[in-house]
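Have a look at the structure below before the remarks.
The values are calculated or read from the model by the stated rules, or taken from the named source; none is laboratory data. Fair warning: this is a prediction, and the values are worked out from it, not measured in the lab. Quick reminder, even Gly has a Cβ in these numbers, built from the backbone with ideal geometry, and neighbours come from all protein chains shown. Note: areas computed on protein heavy atoms with side chains; ligands, DNA, RNA excluded. Shrake-Rupley method; radii C 1.70, N 1.55, O 1.52, S 1.80 Å.
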Amino acid sequence: MNKTSPERAISTIPTLEARGVSKVYQTGALEVTALGGVDLSLFEGELVVFLGPSGSGKSTLLNILGGLDRPSAGAVYFRGDELTQFDDHALTLYRRDHVGFVFQFYNLVASLTARENVDLVTEIAINPMSSDDALGVVGLSHRMDHFPAELSGGEQQRVAIARAIAKQPDILMCDEPTGALDIKTGITVLQAIEQTNRELGTTTAIITHNATVANMADRVILLADGHIIEVIENSSRKRPEELSW
Amino acid sequence: MVMTFFKPLDRKLIRDLMRMWAQALAIAMVVAAGVAMYIMSEGMLRSLGDTRDAYYERYGFADVFAPLKRAPNSAVVRIENIPGVRRAEGRISKVATLDMPGIREPAQEKILSYPDKDHPAINRLYLTEGRWFRPGARDEVLISEAFAMAHGLKPRDKVTALINGRKRDFEIAGIVLSPEFIYALAPGAMFPDDLRFAVMWMPRSMLAAIFNMEGAFNEIVLHMEPGANRDQVIAKVDEVLDPYGGIGALGRDRQISHWYLSGEMEQLENMGRVAPPIFFAVAMFLLNMAVSRWVELERSEIGLLKAFGYSTRAVALHYVKFVMVITAVGYLMGAIAGTWLGRGLAVMYQEFFHFPFLYFSMHGDMYVIAASISFAAALIGTWHAVRTAADLSPAVAMAPQPPTSYRRSKNDRWIKKALGPTRMILRHTFRWPVRSGLTCIGISMGVALLISAMFFQDATETLIETQFTMIERQDATVSFIEPKPQRVVENVASMPGVMVAEPYRYVPATLRFGSNERRMFIRGIVQGATLNRLLDRDLKAVDVPKKGVALSTKLAEILGAGLGDVIEVDVREGRKPTLLLPVTMISEVYIASPAYMDLKTLNRALLEGDNTSGVHVMLDEAYADDFYAMLKDTPSVAQVSVKETMLQAFRNTLEENINIMNFFNTIFAVVIAVGVVYNAGRISLSERARELASLRVLGFTRNEVSYILLGELGLLTLVALPIGVVIGVALAWLWTLSLDTDLYRIPLVISSATFGYSISVVLAAAVGTAIITQRQIAHLDLVASLKTRE
């Protein structure tokens, strides 16, 4: 395992491991294989980008790793515990205590202000940072008392990131976090994600179909037709502001 | 496939309806409840009205009744000569008692003369069984059907009557119904008791012979010319009959049977006016909520349709059809249920009222009106939503809707103190204040409806409690055919089993104050009465004032007289003195609207000795049988009424009816509560599915997420309950106002059991509905929620 940059050390301890994970959707008489036997490890503190076209299975993989979905076959381990053996309640606790999610469409609660959206998570987390700090990380200290309807798309997504990191998760899962945003806004959102990864050492997985985003990763995992077709280890990570598309 | 017969949009409609069947059914049920209530009450009202009018018309029910002491037959012509009188007939009306083996006390009997042959023009009889009098037959009678049925009497059976001091056997020739006794109430009784009250018709010649009334009569019945002024006719009749001991003619409106029947019809009419609008309003609101939400969900589809070139009208029509289908299903269910309920009600009424026939008549226009109201309410309720949908421009419709904008409200300071999920509940509730408010009121209507229906039972219990344990405390009352000197009280007191005997006097009189007057009986009561007491306005027992007259609250209201006012009393019996009496007390009583005087003062004013109309007695139950047996052989007894048996008869009928009504009202309340809560839950769930699923993804458990959705419903339900109680009490109060007649009044009394039951039923319905909604939360698709955007 290469060290990507001299000042940052990526652990060799895997946070998440997937072994032979496959997912088959049964739609009527038709079987659709979304994932066909995937093996991979996510190590502590690394930033991984999953890259692939629509239907490549990247979202399905993320959903399984994040405890939102169950594989048809194979096993997923979180720090040695087999996630795939968890019941619904244990999976809920796994998400609550260890995983932070950022969605393409933000999924903020419209009836709560930015701060209150973050509070939602800090109220149930074990060792959260304060909501104010989390919003400070994403640069939204001055917009904390606004409702989602009063925020721009980029701001809403940054609130979503603050909400995801406030619990100080072990893993941050971002599904097309810039998919609904323009370039400039997208970069500020990526900055927030990168900063979290760098400063808090949170294992981070980003799903994107935008190849440029891959340049900010430690590792890039390319998917197509439900299989990992290539893993690229970047010798150096670009900072988000250096990206352009 | 059936589906291919439909246009694509209609196919979409059918599939949408099938998908939303539970929600659609919940709304349809509310429409159905409104339609059913309307058809039942309106149909019954018309059935009673039609039947009554036809019955009156065919059997010549009299317009005016005038009892008197005795007049020669020639006086009839003088009555007929009064302008406005079309025809008049004299008849003999007497009372007697019957010795029936089935009951221990003598049954009360009203005897009326009937022409020996042919039929009268006024108050003809309807023969249900047997035959009319045989010419020249002796000791034959016709008997009222209710009494015959209660005792299993058949034509040719014999009955023994104690009539004018003599026991006589009569053979039943026929069993009859009369338009005068649709509601068969014994004189002075409060509730009908078919076992103890008989009406008998005897050939005029025979009755005249028994009572020495040959060539004479003691009651006039008459028909008026159409359009004649009844009050003028009555005044003239009184003038003519005055020398013959007339005690005051009564219009049809004061005839007991007609009076009670009209009261019942008025009650039905009120029911038809109050309940259905509540259901239609709730249905309107539910349809509005459901369609608004549906349209919001289909924004992009609407945009697509319009982009394809569907016209605004076509889009509007699509949603209108949706509303129409739900309403039509509700209407059909309601029309069927209403007809069925109406038929059931007709059977119930047939037990109470004695008509030769009573069918639930299904007037076509009633069904048309119900349909028009249902569809109009549905269209008005959904008009705004449908217009909004149809008017969307394709470009706007296909763009996603911006997030719901929430703003800080005045309540924000305390909302902020709540935890996140609770905060979401509160913000959502206040974000849609109109919807939250209407949901609240909708649920509260369920509670209100139950309270206002069930309160009748409480009020009746209180009425019975007040009337029969505080005012009338006697076990039985013996009344005499003619007033008797007061020493008969000692005779009664010495009869077996009598522990207390208390005399009373009833005197017919006209009470006048200013321009108001009332014909009625003044009740004479002894000082220190223990069996028949007066209550003051605080329902405390008091003695009758020694001087002046005590008026019941209702009578005081009718006359417009208060304490200290001097009223004019025209006594219509004996020497017929006119008295000027000060009102010295106002007394509370729920049944009838009597006036009371001290017995001694009354007798003195009448310039009579110590006379008494009857005696109230308290009995030692061990000797009661002997007491009643003795009365069966005592002449001069007009009537023996036993409180317990009368109450029992009343309760039996009432309880059966109340149980049926409570059952249906409970169903109606549940329909409302389930309809409102289920719709609110479904709509909230659909609006917030993505939000709730996001929370599940963030690590909220199923119960925590359910709390957000159900917490809102719970909050609205909790707020709705006290509102429902207030509306229910208000509706009950309106009922007491609309039933405030001089026949009876019902007190505004609602037991905690009624409150408890009403609240519990609605709460249970809400909780049951919440459980169903909760199960739907369990099936939220987490993955889909990440991707989809509303």
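Data for the structure
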read-out: For A:ALA149: the one exception among (1) within 14 Å of chain B (Cβ to nearest Cβ); (2) crowded, with 24+ Cβ neighbours inside 10 Å; (3) of a type outside the set (Val, Ile, Thr); (4) not in a loop (DSSP other than H, G, I, E, B); value: (2)
read-out: Hits in the stretch A:80-93 (condition: acidic (Asp, Glu) and at pLDDT 85 or above); value: A:ASP81, A:GLU82, A:ASP87
read-out: Count of the stretch B:700-733 residues which are out of contact with any His (no Cβ under 9 Å at 6 or more places or on another chain) and within 12 Å of chain A (Cβ to nearest Cβ); value: 4
read-out: Residue under evaluation B:SER752, criteria (1) modelled with pLDDT of 80 or more; (2) open to solvent by less than 40 Å² (accessible area, probe 1.4 Å), criterion not met; value: (2)
read-out: Candidate set from the stretch B:105-160 (those that are in a loop (DSSP other than H, G, I, E, B), within 27 Å of B:LEU222 (Cα to Cα) and in contact with a Ser or Thr (Cβ under 7 Å, 6 or more places away or on another chain)); member that is most open to solvent (accessible area, probe 1.4 Å); value: B:ASP116
read-out: Residue among A:LEU68, A:LEU140, A:LEU135 that alone is within 14 Å of chain B (Cβ to nearest Cβ) and either touching a helix residue (DSSP H, G or I) at 6+ places or on another chain (Cβ under 8 Å) or modelled with pLDDT under 85 (or both); value: A:LEU68
read-out: Subset of the stretch B:205-248 [under 22 Å from B:LYS117 (Cβ atoms) and either open to solvent by 30 Å² or more (accessible area, probe 1.4 Å) or in a helix (DSSP H, G or I) (or both)]; value: B:SER205, B:MET206, B:LEU207, B:ALA208, B:ALA209, B:ILE210, B:PHE211, B:GLU214, B:GLY215
read-out: Top-ranked residue of the stretch A:121-131 - restricted to ones that are within 8 Å of another protein chain (Cβ to nearest Cβ) and among the β-branched types (Val, Ile, Thr), ranked as least open to solvent (accessible area, probe 1.4 Å); value: A:VAL121
read-out: Search result, residues across the stretch B:254-267 that are assigned to a helix (DSSP H, G or I), open to solvent by 10 Å² or more (accessible area, probe 1.4 Å) and touching a residue at least 60 places away in the same chain (Cβ under 8 Å); value: B:ARG254, B:ILE256, B:HIS258, B:TRP259, B:TYR260, B:GLY263, B:GLU264, B:MET265, B:GLU266, B:GLN267
read-out: Only one of A:VAL118, A:VAL38 that is modelled with pLDDT of 90 or more, under 30 Å from A:LYS238 (Cβ atoms) and either more than 11 Å from every other protein chain (Cβ to nearest Cβ) or in a helix (DSSP H, G or I) (or both); value: A:VAL38
read-out: Extreme residue, modelled with the highest pLDDT, among residues of the stretch A:94-114 that are under 13 Å from A:ILE165 (Cα atoms) and open to solvent by 30 Å² or more (accessible area, probe 1.4 Å); value: A:HIS98
read-out: Test result for A:ASN210, under 27 Å from A:ALA18 (Cα atoms) and open to solvent by 10 Å² or more (accessible area, probe 1.4 Å); value: yes
read-out: Of the criteria (1) closer than 26 Å to A:VAL189 by Cβ; (2) more than 8 Å from chain B (Cβ to nearest Cβ); (3) touching a helix residue (DSSP H, G or I) at 6+ places or on another chain (Cβ under 6 Å), which one A:ALA75 fails; value: (1)
read-out: Output for the stretch B:423-445, where each listed residue is without any contact (Cβ under 8 Å) to a residue 12 or more places away in the chain and more than 39 Å from the chain's Cα centre (by Cα); value: B:ARG423, B:TRP432
read-out: Total residues in the stretch B:498-550, condition small (Gly, Ala, Ser) and touching a Phe, Trp or Tyr at 6+ places or on another chain (Cβ under 9 Å); value: 4
read-out: Among the candidates B:ARG651, B:ARG690, residue that is away from chain A (no Cβ under 14 Å), in a helix (DSSP H, G or I) and open to solvent by 20 Å² or more (accessible area, probe 1.4 Å); value: B:ARG651
read-out: Given (1) farther than 27 Å from B:ARG423 by Cβ; (2) open to solvent by less than 10 Å² (accessible area, probe 1.4 Å); (3) within 13 Å of chain B (Cβ to nearest Cβ), number of the condition A:GLU176 does not satisfy; value: (2)
read-out: Single residue of the stretch B:697-739 satisfying the filter (in a loop (DSSP other than H, G, I, E, B) and more than 22 Å from the chain's Cα centre (by Cα)) that is surrounded by the fewest Cβ atoms within 10 Å (Cβ to Cβ); value: B:THR701
read-out: Of the criteria (1) modelled with pLDDT under 95; (2) within 41 Å of the chain's Cα centre (by Cα); (3) closer than 30 Å to B:LEU250 by Cα, which one B:VAL85 fails; value: (1)
read-out: Counted residues, the stretch B:161-204 - those being among the hydrophobic types (A, V, I, L, M, F, W, C), within 30 Å of B:TYR506 (Cα to Cα) and outside any loop (DSSP other than H, G, I, E, B); value: 11
read-out: Check on A:GLY100, more than 12 Å from chain B (Cβ to nearest Cβ) and either in contact (Cβ under 8 Å) with a residue 60 or more places away in the chain or under 22 Å from A:THR15 (Cβ atoms) (or both); value: no
read-out: Every residue from the stretch B:47-91 that is among the basic types (Lys, Arg) and surrounded by fewer than 19 Cβ atoms within 10 Å (Cβ to Cβ); value: B:ARG58, B:LYS69, B:ARG70, B:ARG78, B:ARG86, B:ARG87
read-out: Subset of the stretch B:562-597 [charged (D, E, K, R) and either at pLDDT 95 or above or farther than 16 Å from B:TYR506 by Cβ (or both)]; value: B:ASP565, B:GLU568, B:ARG575, B:GLU588
read-out: Any hit, the stretch B:588-603, residues being assigned by TED's automatic domain parsing to the domain that holds B:VAL542, of a type in the set (A, V, I, L, M, F, W, C), more than 27 Å from B:ASP538 (Cβ to Cβ) and not in a helix (DSSP H, G or I); value: no
read-out: Filter result for B:ASP536 (open to solvent by less than 60 Å² (accessible area, probe 1.4 Å) and acidic (Asp, Glu)); value: yes
read-out: Candidates B:ASP475, B:ASP543 - the one that is in contact (Cβ under 8 Å) with a residue 24 or more places away in the chain, open to solvent by 10 Å² or more (accessible area, probe 1.4 Å) and either outside the structural domain of B:ASP742 (by TED's automatic domain parsing) or more than 23 Å from B:LEU748 (Cβ to Cβ) (or both); value: B:ASP475
read-out: Flag for A:GLU194 being modelled with pLDDT of 85 or more and surrounded by fewer than 19 Cβ atoms within 10 Å (Cβ to Cβ); value: no
read-out: Test for B:TYR359: is it within 23 Å of B:PHE181 (Cβ to Cβ) and surrounded by fewer than 17 Cβ atoms within 10 Å (Cβ to Cβ); value: yes
